[in-house]
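Have a look at the structure below, then the notes.
The values are calculated or read from the model by the stated rules, or taken from the named source; none is laboratory data. Predicted, not measured: the structure shown is a model, and the values here were computed from it. Note that we place each Cβ from the backbone using ideal geometry, even for glycine, and neighbour counts take in every protein chain shown.
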Amino acid sequence: MRFVIMGNSAAGVSPAELLRRLGGTGEITIVSDGMSQKYVDRSAG
């Protein structure tokens, strides 16, 4: 399964972290107009 989250602020990062805590293994893409990368999925192979 793939997940797309809009925004890389706390409102975007929180759902991504929750997906992983709940055992989600799908691809997470965070879309943002910002220049910095605030979320890095460390659990991805």
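Which one is modelled with the lowest pLDDT among residues in segment 13-45 that are assigned to a helix (DSSP H, G or I) and out of contact with any Asp or Glu (no Cβ under 9 Å at 6 or more places or on another chain)?
VAL13
Which of the residues belonging to segment 3-12 are assigned to a strand (DSSP E or B) and out of contact with any strand residue (DSSP E or B) (no Cβ under 6 Å at 6 or more places or on another chain)?
None - no residue of segment 3-12 is assigned to a strand (DSSP E or B) and out of contact with any strand residue (DSSP E or B) (no Cβ under 6 Å at 6 or more places or on another chain), so the list stays empty.
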